[in-house]
1. Can you tell me the 0 to 90 degree angle between the C-alpha axis of helix 56-73 and the longest principal axis of the chain, rounded to 10?
2. If you plug each phi of the range 172-189 into the Karplus form 6.51 cos²θ - 1.76 cosθ + 1.60 with θ = phi - 60°, what whole-Hz ³J(HN,Hα) values come out, in order, with x for Gly and Pro?
3. Apply the a/c threshold of 1.5 to the C-alpha gyration tensor of the range 1-93 and tell me whether it is rounded, prolate or oblate.
4. Using helices alone, I'd like the mean residue ellipticity at 222 nm for the chain: each DSSP H run of four-plus residues gives -39500 (n - 2.57), total over residue count, nearest 500.
5. Count the DSSP beta bridges whose two residues both fall in the chain, then state the antiparallel fraction as a percent rounded to the nearest 5.
6. Set Lys and Arg Cβ to +1 and Asp and Glu Cβ to -1, take the dipole of the chain about its Cα centre, and tell me which of ASN194, ALA167, GLY105 lies farthest positive.
7. Hey, what does the equivalent ellipsoid look like for the range 221-357, semi-axes from the Cα gyration tensor as sqrt of 5 times each eigenvalue, largest first, whole Å?
8. Between LEU255, LEU323, LEU44, where does the largest GNM mean-square fluctuation fall for the chain, given springs only between Cα atoms within less than 10 Å?
Amino acid sequence: EKGTYPHYMLKEMDEQPGVVRKIIQEYSNDAGELAIDEPILKALRDADRIYIIAAGTSYHAGLVGKQYFEKLAGIPVEVHISSEFGYNIPLLSEKPLFIFISQSGETADSRQVLVKVKKLGHPSLTITNVAGSTLSREADYTLLLHAGPEIAVASTKAYVAQLAVLAIAAYVTGKSKGIKSDFDLKTELAIAANAIQSIVDSKEELHKISNEYLSKSRNAFFIGRNIDYYVSLEGALKLKEISYIQAEGFAGGELKHGTIALIEKGTPVFALVTQAPVALNIRGNVKEVVARGANACVISMEGLDEHDDRLVIPKVHPLLTPLVSVVPLQFISYYAALERGCDVDKPRNLAKSVTVE
Ligand code: F6R
């Protein structure tokens with residue numbers, strides 16, 4: 001039930017800090033340490049390569065998940081859009097593990113791939129919010145998101161949950177392979193939950209930002225580098241699906257290879273600056289678009305902030321910034337849709353679970 005909330009989407013965005021805390025709990029063992037079931041851990045440890053298969057927002061979570069598994073567990077990862085995978089199955093490694101990421105667990109494009117993979121005899125793991133869903137039943141293993149029902153068509157809390165569960169799976173796998181990490185993920189996830197809360201609490205400011213940058217726009221850009229690039233893709237998808245503003249997520253450095261031609265006076269450009277090693281480079285991209293008249297909204301992380309950044313998010317572990325930086329983008333999209341009188345929870349042409357190929 002959405003209770004006093006005008007929209008499920010608003011309720012679900014507000015729930016995000018609680019979702020991260022719940023996931024920490026659900027994935028802690030009796031000793032209070034992050035853990036996943038032993039058979040799943042073994043499947044992850046045994047894999048010489050992971051193939052992540054997903055669509056839409058879940059695909060965007062997969063892009064971040066690749067970094068988690070490569071950095072924390074030392075396993076190479078490929079991320080594939082489910083509807084494309086079947087046409088051109090890549091050369092597979094000797095011991096592949098397929099991970100299906102799906103909020104609903106019903107996405108037909110992803111299921112098609114699962115059917116093929118099973119025929120080939122490869123192990124599969126589904127990360128889903130819905131216990132008993134098709135992808136969960138048909139895969140060898142399941143990790144649940146524990147995000148609670150997500151009703152709004154635009155996925156918000158499930159994305160954040162996917163990131164948290166991917167981080168935990170990668171971290172626990174790395175630990176069990178004897179890979180030393182220089183941070184405690186449980187502590188860092190709790191810090192991220194608090195950071196998300198502070199953004200949720202600043203929604204009035206986010207409403208203002210949305211009005212400032214999007215009230216008159218027909219298009220918008222989201223840019224970032226490295227992990228921020230993946231969040232830019234998600235920010236753009238959120239905005240277009242609920243407000244119908246044409247939006248594109250872009251790697252900061254790629255802009256000048258064509259797309260910068262679209263920047264004109266007043267074009268809104270949201271830039272994420274959460275990664276220290278590329279902060280100067282993305283700020284350089286901001287200067288390039290501003291010089292061409294863009295209305296740039298810089299969203300940076302504490303410690304990397306500069307005086308004229310429009311929004312500064314609390315400091316979190318560099319790998320966990322997507323859980324936090326996506327939240328202002330969700331709210332900005334929500335308010336843009338609201339201001340335009342769009343049907344926020346049920347955007348035109350979309351369904352919550354896409355059961356046709
Ligand atoms: C975007 C959105 C869609 C879904 C996609 C995959 O907000 O909701 O892009 O992410 O249809 O759905 P699942 O995760 O259920 O497989």
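Computed from the coordinates by the stated procedures, all read-outs in this text should not be read as laboratory data. What you are looking at is a predicted structure, and each value in this text was computed from that prediction instead of being measured. Virtual Cβ from ideal backbone geometry, glycine too; neighbours counted across all protein chains shown.
1. Once rounded, one gets 60 degrees.
2. 5, 4, x, 4, 6, 8, x, 7, 7, 10, 9, 8, 9, 4, 4, 4, 5, 5
3. Note, shape of the range 1-93 comes out oblate.
4. Estimated from H runs of four or more residues: -14500 deg cm²/dmol.
5. The antiparallel proportion sits near 5 percent.
6. GLY105
7. 25, 18, 14
8. LEU255
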